[in-house]
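Novice: First the structure, then my questions, so here it is.
The values are calculated or read from the model by the stated rules, or taken from the named source; none is laboratory data. Everything numeric in this text was worked out from a predicted model, so none of it was measured. Cβ: placed from backbone, ideal geometry, glycine included. Neighbour counts: every protein chain shown. For accessibility, only protein heavy atoms count, side chains too; no ligands or nucleic acids. Shrake-Rupley method; radii C 1.70, N 1.55, O 1.52, S 1.80 Å.
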Amino acid sequence: MIFLKSLEEIETMRTANRIVAEILSELRQRVRPGISTGELDGVAEEWIAKKKAQTAFKGYTIRNGSVPFPAHICISLNNEVVHGIPSQQRIIQDGDIVSLDFGVVYDEFYGDAAVSFAVGEVGQSVRQLLETTAVALEAGIGHACIGNRLGDISAAVQERVERDGFSVVREFVGHGVGRRLHEDPPVPNYGMRNRGVRLREGMVIAIEPMVNMGAPEVAMLEDGWTAVTKDGSLSAHFEHSVAILADGPVVLSSM
Ligand code: MG
């Protein structure tokens, strides 16, 4: 069931997502070779309190009985696609690709966004992977208009990614977002135009392409959370929470 949001609720979600964007920017400034992902998680925790928000990811379970996520933010490096668990032992190195996926709850609504970037100098192919994933997200957002179908967003993302020779992950998808972190509808990063649910005013969706340099397949690590590329290739992830309004898509999680 898709929950449509009122303009007032979307205003609250804008606040939640702005907090997410601010904290992501704060964290990004601290990323440098030598810092641990565990330390970044501590910074995220501090800022959640400072902004009078609540943690969204810690304790989250995918299904009954599965391992609760143990941290406030997902930090995925290099061949890790999503859901990397921060750790004091995990030290960021020069040349790493860092993906920060972060959410908060504010006034009962969730904000959710992700960004990827390189630490220091990286080669042209890595820069292209990051650029393509960011642009594919924008392409998807551009189709988040009343009257379109969900497949228009999915196809726009997929086409943009594959045009540059990269692949989209199938096992994880975007989602509706609101009073719950993951609501209907699922928002795949692959699909066909003119298929899927009709987009309506008041829908809020998280569009989040996960893009691999090599093959699309992923494998799970034994921690129960971290997804890595099966072929070991690098991966990037960008995400925005987007409200579908009369005048077009509004990115709630931009700064
Ligand atoms: Mg998400």
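Novice: Need the full-extension length gain, ILE35 to ALA246, defined as separation in residues times 0.36 nm minus the C-alpha distance. One decimal, nm.
Specialist: Result for the pair: 71.6 nm of gain on full extension.
Novice: Return a whole-number percent for the relative contact order of segment 7-251, with Cα pairs under 8 Å and 6 or more residues apart as the contact set.
Specialist: Averaging sequence separation for qualifying contacts and normalising by length gives 21 percent for segment 7-251.
Novice: If you average the alpha carbon positions of segment 160-225 and of segment 106-120, how far apart do those two centres end up, in angstrom?
Specialist: 15 Å
Novice: Multiplying the sequence separation of ASN194 and ASP94 by 0.36 nm and subtracting their Cα-Cα distance, what value in nm do you get?
Specialist: Full extension of this stretch gives 31.7 nm more.
Novice: About its Cα centre, how strong a charge dipole does segment 7-251 have in debye, to the nearest 20, once Lys and Arg get +1 and Asp and Glu get -1 at the Cβ?
Specialist: Charge dipole, segment 7-251, about its Cα centre: 280 debye, nearest 20.
Novice: Classify segment 75-150 as rounded, prolate or oblate from the Cα gyration tensor: take a ≥ b ≥ c as the square roots of its eigenvalues, call it rounded if a/c is under 1.5, otherwise prolate when a/b beats b/c and oblate if not.
Specialist: Note, shape of segment 75-150 comes out oblate.
Novice: Quick one: accessible area per residue over segment 7-251, 1.4 Å probe, rounded to a whole number of Å²?
Specialist: Heavy-atom accessible area per residue stands at 43 Å².
Novice: Over segment 7-251, with a single point scatterer placed on each C-alpha, what log10 of the ratio I(q)/I(0) does the Debye formula yield at q = 0.10, 0.13, 0.14 1/Å?
Specialist: -0.43, -0.76, -0.89
Novice: Let me ask you something else. Which whole DSSP H helices in the chain pass both tests: a Cα extent of 18 Å or more along the axis and a mean Kyte-Doolittle value no lower than 0.0?
Specialist: 124-142
Novice: For the chain, which whole percent of the accessible surface, found with a 1.4 angstrom probe, sits on carbon and sulfur atoms?
Specialist: After summing per-atom areas, the C and S share lands at 49 percent.
Novice: Something else now. Which residue fluctuates the most in the chain, going by a Gaussian network model with Cα springs under 10 Å, if the choices are LEU77, LEU245, LEU137?
Specialist: Top of the fluctuation ranking is LEU245.
Novice: For segment 28-135, report the convex hull volume of the alpha-carbon atoms normalised per residue, in Å³, without decimals.
Specialist: With only Cα atoms used, segment 28-135 gives 117 Å³ per residue.
Novice: Given a Förster distance of 30 angstrom, what is the FRET efficiency for PHE117 paired with GLU159, based on the Cβ-Cβ distance and rounded to 0.05?
Specialist: Efficiency, rounded to the nearest 0.05: 0.80.
Novice: Further question: Report the full-extension gain for the segment SER6 to GLN128: residue separation times 0.36 nm, less the Cα-Cα distance, to one decimal in nm.
Specialist: 40.1 nm
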